[in-house]
Amino acid sequence: MLGLFSAFLLLYGTSLTLDKKKGSDPMNLILLGAPGAGKGTQAEIICAKLNIPAISTGNILRAAVKDGTEMGLKAKSFMDAGALVPDEVIIGILKDRLSEADCANGFILDGVPRTIAQAEAIEKMGIRIDKVLELSVADDVIVNRMGGRRVCEKCGASYHIVNKKSKVEGVCDCCGGKLVIRKDDQPATVLDRLKAYHEQTEPLVDFYRQRGKLAVIPFNDSIEATTAEIMKALEA
């Protein structure tokens with residue numbers, strides 16, 4: 001009998017261990033990288049793989065204002081006055097968003113925090129961050145990449161003159177509209193955005209490195225190879 005009981009305990013204990021391994025802890029992530037580094041593309045892929053939402057500043061601000069939340073109304077008062085929305089309001093809206101059910105298994109923050117002050121505010125609010133992924137891409141690569149972007153002026157479909165060509169040059173495959181270069185993708189604007197990134201957001205790399213949360217994802221022309229590097233970093 002004792003032998004059978006011991007075998008039962010061994011089998012039961014093993015099944016518990018296996019069940020724990022099958023489950024996964026929530027994964028709270030931040031994506032860092034200059035504009036044009038590919039954060040949006042990788043966020044979409046990681047979301048699908050991990051079944052977690054991607055959260056950007058612009059989206060949560062618009063949603064909070066539309067829903068008329070307390071923080072949304074505060075944000076609207078600043079926006080209506082043409083003023084920048086203060087960090088405490090942005091972080092308050094972020095905390096509200098992260099309390100929603102779809103964030104139970106984790107989330108990806110894209111575009112927030114943008115500054116050390118925002119990162120410190122996130123810590124003070126008790127929002128746990130497990131890993132920070134920096135997509136490392138040189139400025140000249142970004143300028144060339146963004147300079148090759150084309151957008152349909154009618155339907156908004158996006159293309160690239162090297163990586164995602166339209167069937168007919170300058171013409172949208174979806175609706176036949178004219179493909180144009182967005183103002184944000186013009187070289188002078190890209191350089192201004194990169195300057196702002198290096199001054200305001202890049203210091204977050206050292207901020208999170210000092211906390212042992214940073215994983216640097218080296219540049220790769222292949223979207224699939226970059227995703228593979230990210231997944232490898234998340235498993236480490």
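Worth pointing out:
- Extension gain, GLU199 back to ASP25 (0.36 nm per residue minus Cα-Cα distance, nm): 59.2 nm
- In a fully extended conformation the segment linking ASP139 and ARG209 would gain 23.1 nm over its present Cα-Cα distance, using 0.36 nm per residue.
- Taking amide H positions as modeled 1.01 Å from N, with prolines and chain starts lacking one, the residues under 5 Å from VAL112 and 5 or more places away or on another chain are THR57.
- Residue order, fewest to most surrounding Cβ atoms within 10 angstrom, among CYS103, CYS155, CYS172: CYS155, CYS103, CYS172
- Exceedance of the 21 Å cut-off in Cα-Cα distance is limited, within the set LYS39/LYS195; LYS49/LYS131; LYS76/LYS154; LYS39/LYS164, to LYS76/LYS154.
- DSSP-loop GluC sites (Glu not before Pro) across segment 95-169, with at most 15 other Cβ within 10 angstrom: GLU100, GLU153, GLU169
- Cut-off 9 Å between beta-carbons: net charge of the residues surrounding GLY170, Lys and Arg +1, Asp and Glu -1: +1
- Relative contact order of segment 164-236, taken over Cα pairs closer than 8 Å and 6 or more residues apart, is 11 percent.
- For the chain, DSSP calls about 35 percent of its internal beta bridges antiparallel.
- Report summary: the helix-based calculation at 222 nm, which adds -39500 (n - 2.57) for every DSSP H run with n ≥ 4 and divides by the residues of the chain, gives -15000 deg cm²/dmol.
- The mean sequence distance of close C-alpha pairs (under 8 Å, at least 6 residues apart), as a share of the length of the chain, puts its relative contact order at 24 percent.
A short reminder: the numbers here are calculations on the coordinates, not readings from a lab. Just so you know, these numbers come straight off a predicted model, no measurement behind them. Here Cβ is always computed from backbone atoms with ideal geometry, including for glycine, and neighbour counts include all displayed protein chains.
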